[in-house]
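First comes the structure, then the notes that go with it.
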Amino acid sequence: MPHRELSHYAVSVVGADRPGIVAGVTEALYKLGCNIADSSCAMLAGEFAMILIVSHKKPFTKALLIEELKPVCERMAMTLSVRHLPLGEEDRKETPGEICQITVYGADQTGIVYRVTSTLAAHQINIMDLQTKLAGTEQEPVYIMLLEAVLPDGCSPEAVEPLLDGLKQELQVEISVRIVTPVEL
């Protein structure tokens with residue numbers, strides 16, 4: 001179905017983790033006749049967060065979507081946010097450059113995410129996905145950060161590591177960069 005005939009929305013749900021969150025939200029979307037185009041769900045500490053890009057044949061309203069999802073979210077004490085996506089914003093964006101994965105391991109400390117991401121941003125390296133996790137023990141916590149990024153034209157994964165060398169020393173962390181080969185379907 002052409003995009004002009006569809007309404008698109010970004011739906012975000014956040015709250016204390018428990019079984020049944022994804023099932024409850026997606027059941028309401030299914031009953032409404034919504035299609036889920038993209039989604040991401042994660043448990044962060046004891047919180048669960050999900051964001052979905054959904055579509056529905058026009059005419060369809062944000063108010064109706066909220067009306068149907070609100071009781072489901074209230075029952076599970078979840079926070080709901082819905083944003084209408086203007087025509088063109090819902091289109092899947094092709095990544096114009098090479099994709100790489102950047103991993104950071106080291107002692108937990110304030111500023112790791114900011115320092116690494118600001119360095120990447122300064123070089124026009126676009127972050128597509130970022131995950132962090134605290135591992136190790138309470139006495140010796142280890143901070144793990146995984147980033148998936150798109151490199152600008154003319155930038156290779158081999159050129160990214162030297163950009164981050166200074167941070168390795170300053171933050172006393174290990175940083176590695178490797179290319180991610182996209183899978184053709």
If one builds a Gaussian network model of the chain from Cα atoms under 10 Å apart, the most fluctuating residue listed among Pro157, Pro71, Pro59 is Pro59
Considering only C-alpha atoms, what is the centroid distance from the range 126-163 to the range 15-66, in Å? 28
Between 0 and 90°, nearest 10: helix 21-32 axis offset from the chain longest Cα axis: 40
Return one number: the angle in degrees, 0 to 90 and rounded to the nearest 10, between the long axis of the Cα atoms of helix 157-171 and the longest principal axis of the Cα atoms of the chain. 70
Report, in debye and to the nearest 20, how large the dipole of the chain comes out about its Cα centre when Lys and Arg carry +1 and Asp and Glu carry -1 on their Cβ. 820
Give me the percent of accessible area attributable to carbon and sulfur for the chain, probe 1.4 angstrom. 54
Express the relative contact order of the chain as a whole percentage, based on alpha carbon pairs under 8 Å and six or more residues apart in sequence. 22
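Any idea of the accessible area per residue across the range 58-181, 1.4 Å probe, to the nearest Å²? Display every interim value, and only then the final one.
Values: 7800 Å² over 124 residues.
Heavy-atom SASA per residue in the range 58-181 reads 63 Å².
What's the whole-number percent of alpha carbon pairs in the chain lying beyond 27 angstrom?
On the way: 7749 of 17020 pairs.
More than 27 Å apart: 46 percent of the Cα pairs in the chain.
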Angle in degrees between helix 62-75 and the longest Cα principal axis of the chain, rounded to the nearest 10: 70
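Excluding same-chain pairs closer than 8 in sequence, count the lysine pairs in the chain whose Cα atoms lie under 19 Å apart. Walk me through the numbers before you get to the answer.
Numbers: Lys31/Lys57; Lys31/Lys58; Lys31/Lys62; Lys31/Lys70; Lys62/Lys70; Lys133/Lys168.
Taking the chain as the scope, the lysine pair count is 6.
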Please build a GNM for the chain, connecting alpha carbons under 10 Å apart, and tell me which residue among Ala122, Ala42, Ala77 fluctuates the most. Ala122
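The values are calculated or read from the model by the stated rules, or taken from the named source; none is laboratory data. Keep in mind it's a predicted model, so treat the numbers as computed, not measured. Methodologically, a virtual Cβ is constructed for each residue, glycine included, from the backbone with ideal geometry; neighbour enumeration extends over all protein chains shown. With ligands, DNA and RNA removed, areas are computed over all heavy atoms of the protein, side chains included. Shrake-Rupley method; radii C 1.70, N 1.55, O 1.52, S 1.80 Å.
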